[in-house]
Amino acid sequence: MIQSLEIENFRGFKSLRLEALRPVNIIVGPNASGKTSLLEALFLVAGNTPENSLKLKRWRGLTGKFFAIVPGREPWQDIFFDLTKAAISISIMDNEWGKRRLDVSLGSEQMITLPFGESPQQQLAYNPISFIWNIGEKTFEAPLQITKEGLRIGNVPQFSNTSFLTNKGGTQTENADRFSALSKVNRENEIINAMKEMYPFIQNLTVETDPGVGAALFALIKGRDKKIPVPLISDGINKYVSILLAIYFANKGLLLVDDIESGFYYRTIKHMWTGMLKQAKSNETQVFAATHSMECLQALRSSVEKDPDSFCLLRMRRNQENGACEAERFDGKRFAAALEEGFEIR
Amino acid sequence: MLLRWKKALRLDRPRIPPPPITFDAPFYIVGEGSADAAFVDELLKSRGVPNNNFFVREAEGRTGFERHLDAVQTSSDRPKLTRLAVVADNDLDPAQSFASVQDALQRTGFPVPASPSTIVTGPPVVGVFMMPGPGVQGNLETLLTEAVLATNPQFQPCLNDFASCMVAPVGWDINKTSKMRIQLLIAGCCEEDPACSVAYIWNKSGNPIPLSSSRFDPLYNFLQQIVTT
């Protein structure tokens, strides 16, 4: 479990230090206060490839082909708080894995121009940015290279399994792959039963391929004789199955969820928390979940009251003077008290 | 069967949660119970303090102070709070009652005054007022009864006679006798609602409690002092 986090010069963060993180960390705060950026920092440092920083762009809705031409630093610059500063540094201290630090620094500004329509005949070094992970005593760099096949991004050892879910939940492919992986070890019923508990009209879940859809998770619904792709049934159901699958994938790892309430009918939010926390506990998955919803927080109340030591509340805000994102941490006891007294805590 | 009754009584409907509590005023006052909070609120309003300058809530009993103050610390409006007053009852052991308020302040990370009616500058500025007054046994009802009797001394012998006629009040402690006496005064004066509790008496015609009484000046002056510190 990650116990502490330090961020320097990343996105909206000039400098941030968070201690005493818990198994379940709930993130609140106004728009542009750094909730998603906090999740992204964890995703980057716990991940093992610079490609994750490009995934983050896509999840934020920027869907360009970032490498149709091979530019210099530009695709990477938006992760920096201050470009004039030397580097980004994100570090975590985990009680099992020890310290892990990611240093990101900008390199050459030179653009690589390729003859139109041609691929390079040999590998070309490409150094607009460097990602260096310090894991314990060891240092790993993930090199970027232009090859015949395109941009190749190197990997470093994985920290632990980490899942990042946006407000929509997991992608169709992600969910299908994860369900299929569980099915291969004959554990898919754990997901199916958890889904049935929350949505009793679901009879079965399977991975199917469909010419129009590709491989996707399908559900058999009571009263229907044809299976339906899960995202077509409801956003909430797709989100819930994504959360459950992500927890299994992030066994002893990290689940990062943005806008966790999104898609859920208000009366199911409490069940969602109960089911999710149960799975997270049994899989030893640490959860970081961001929300804007008071209803969603109130639905968590009985869980926080029952086990306050497992929770903390992180409230993000933007410093009006320097524009940097900041965070305030509240322990589970205070979090529970505020929920019980009915105070605004977002 | 039970479900049918629930449906008939509309108990099956989800309860609509109240909106979350927010506060804009820089001066936060927490009373021990609902009656204490209502009294402080009415006292300040009756003396011309604009109600957007303060915010009063109850802690649901002395044991609720810690939870309530924890909640205040966690509230997203906490940065607006510059002044905090706690209004509690001395009951039978003024020193112990004050110490329990000190504990709640200390455990929730607020500055802790060394004695009742003293103010620590913080931030935030914090003060604790113990009713009926520093070091005196009793509660809110003791203070209210004193104010009624100061304005209407003719009620005193009647109250004494009533108390002496009753078997039960013999040997009651001051907390209980104060509650009995204020309820008797309300029952005898408030035709609109003779059974009204102290928490709801303030807008009733026939309310015998004079908010202008000088018996309330120490509390009012103390709250003013917190504002000006």
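The values are calculated or read from the model by the stated rules, or taken from the named source; none is laboratory data. No experiment lies behind these values; they were computed from the predicted model shown. Ideal geometry is used to build each Cβ from the backbone, glycine not excepted, and the neighbour counts take in all protein chains shown. Only protein heavy atoms, including side chains, enter the accessible area calculation; ligands, DNA and RNA are left aside. Shrake-Rupley method; radii C 1.70, N 1.55, O 1.52, S 1.80 Å.
Taking the listed residues B:THR177, B:THR142, the one that is surrounded by 15 or more Cβ atoms within 10 Å (Cβ to Cβ), under 23 Å from B:TYR220 (Cα atoms) and not acidic (Asp, Glu) is B:THR142, with no other qualifying. Filtering segment A:223-233 to residues that are surrounded by 15 or more Cβ atoms within 10 Å (Cβ to Cβ) and either touching a His at 6+ places or on another chain (Cβ under 7 Å) or more than 18 Å from A:ILE243 (Cβ to Cβ) (or both) leaves only A:LYS227.
Is it the case that B:ALA25 is open to solvent by less than 50 Å² (accessible area, probe 1.4 Å), within 12 Å of chain A (Cβ to nearest Cβ) and in contact with a helix residue (DSSP H, G or I) (Cβ under 8 Å, 6 or more places away or on another chain)?
Working: open to solvent by less than 50 Å² (accessible area, probe 1.4 Å): yes; within 12 Å of chain A (Cβ to nearest Cβ): no; in contact with a helix residue (DSSP H, G or I) (Cβ under 8 Å, 6 or more places away or on another chain): yes.
So B:ALA25 fails the test.
Close Cβ contacts (under 8 Å, 6 or more residues apart or on different chains) running from residues in segment A:258-269 that are closer than 11 Å to A:LEU297 by Cα and without any contact (Cβ under 8 Å) to a residue 40 or more places away in the chain to residues that are in a helix (DSSP H, G or I) and open to solvent by 40 Å² or more (accessible area, probe 1.4 Å) comprise A:GLU261/A:GLU295; A:ILE269/A:GLU295.
Considering segment B:207-229 alone, what residues qualify as being open to solvent by less than 20 Å² (accessible area, probe 1.4 Å) and part of a helix (DSSP H, G or I)? If the condition is that a residue be open to solvent by less than 20 Å² (accessible area, probe 1.4 Å) and part of a helix (DSSP H, G or I), then B:PHE216, B:LEU219, B:PHE222, B:LEU223, B:ILE226 are the ones that fit. Is it true that B:VAL87 is open to solvent by less than 60 Å² (accessible area, probe 1.4 Å) and either within 12 Å of chain A (Cβ to nearest Cβ) or not in a helix (DSSP H, G or I) (or both)? For B:VAL87, the condition - open to solvent by less than 60 Å² (accessible area, probe 1.4 Å) and either within 12 Å of chain A (Cβ to nearest Cβ) or not in a helix (DSSP H, G or I) (or both) - is met.
Within segment B:91-124, the residues that satisfy the criterion of being of a type in the set (Gly, Ala, Ser) and assigned to a loop (DSSP other than H, G, I, E, B) are B:GLY109, B:ALA114, B:SER115, B:SER117, B:GLY122.
If you go through segment A:197-220 one residue at a time, do you hit one that is within 30 Å of A:SER4 (Cβ to Cβ), among the charged types (D, E, K, R) and touching a Phe, Trp or Tyr at 6+ places or on another chain (Cβ under 8 Å)? For segment A:197-220, residues within 30 Å of A:SER4 (Cβ to Cβ), among the charged types (D, E, K, R) and touching a Phe, Trp or Tyr at 6+ places or on another chain (Cβ under 8 Å): absent.
Of all residues in segment B:203-213, those that are closer than 19 Å to B:GLU58 by Cβ and modelled with pLDDT of 95 or more total 2.
Can B:ALA150 be described as open to solvent by 50 Å² or more (accessible area, probe 1.4 Å), modelled with pLDDT of 95 or more, part of a helix (DSSP H, G or I) and aliphatic (A, V, I, L, M)? Explain how you work it out, then say what you get.
On the way: open to solvent by 50 Å² or more (accessible area, probe 1.4 Å): yes; modelled with pLDDT of 95 or more: yes; part of a helix (DSSP H, G or I): yes; aliphatic (A, V, I, L, M): yes.
Taking the combined requirement at face value, the residue satisfies it.
Scanning segment A:75-109 for residues that are surrounded by fewer than 15 Cβ atoms within 10 Å (Cβ to Cβ) and assigned to a strand (DSSP E or B) yields A:GLY98, A:LYS99. Taking segment B:181-201 as the range and being open to solvent by less than 30 Å² (accessible area, probe 1.4 Å), closer than 25 Å to B:ALA59 by Cα and assigned to a helix (DSSP H, G or I) as the test, the residues that pass are B:ILE182, B:ILE186, B:VAL198, B:ALA199, B:ILE201. Of the helices (runs of 4 or more DSSP H) lying entirely inside segment A:257-346, those carrying at least 3 residues that are more than 12 Å from every other protein chain (Cβ to nearest Cβ) are A:269-282, A:301-306. Within this structure, A:ILE233 fails the test of being more than 14 Å from chain B (Cβ to nearest Cβ), touching a Pro at 6+ places or on another chain (Cβ under 9 Å) and farther than 17 Å from A:SER310 by Cβ. Can you pull out the residues in segment B:90-103 that are aliphatic (A, V, I, L, M) and either closer than 19 Å to B:ILE119 by Cα or surrounded by 21 or more Cβ atoms within 10 Å (Cβ to Cβ) (or both)? Matches in segment B:90-103: B:ALA95, B:ALA99, B:VAL101.
Restricting B:LEU211, B:LEU159 to residues that are closer than 16 Å to B:LEU44 by Cβ and in contact (Cβ under 8 Å) with a residue 12 or more places away in the chain narrows the list to B:LEU211. Here B:ALA195, B:ALA199 are screened, and the one residue that is among the hydrophobic types (A, V, I, L, M, F, W, C) and without any contact (Cβ under 8 Å) to a residue 24 or more places away in the chain is B:ALA195. Apart from one condition, A:LYS65 fits all of (1) open to solvent by 20 Å² or more (accessible area, probe 1.4 Å); (2) modelled with pLDDT of 90 or more; the exception is (2). Every listed requirement among (1) among the small types (Gly, Ala, Ser); (2) open to solvent by less than 40 Å² (accessible area, probe 1.4 Å); (3) under 23 Å from A:VAL28 (Cα atoms) is met by A:SER302 save one, (2).
Quick one: would you say A:LEU220 is out of contact with any Gly (no Cβ under 6 Å at 6 or more places or on another chain), open to solvent by less than 20 Å² (accessible area, probe 1.4 Å) and not β-branched (Val, Ile, Thr)?
no
Here segment B:21-65 is the region considered, the condition is being touching a Leu at 6+ places or on another chain (Cβ under 9 Å) and of a type in the set (Asp, Glu), and the residue that is nearest to B:SER97 (Cα to Cα) is B:GLU32. Residues in segment B:32-82 that are more than 13 Å from chain A (Cβ to nearest Cβ), assigned to a helix (DSSP H, G or I), open to solvent by 60 Å² or more (accessible area, probe 1.4 Å) and not charged (D, E, K, R): B:SER46 alone.
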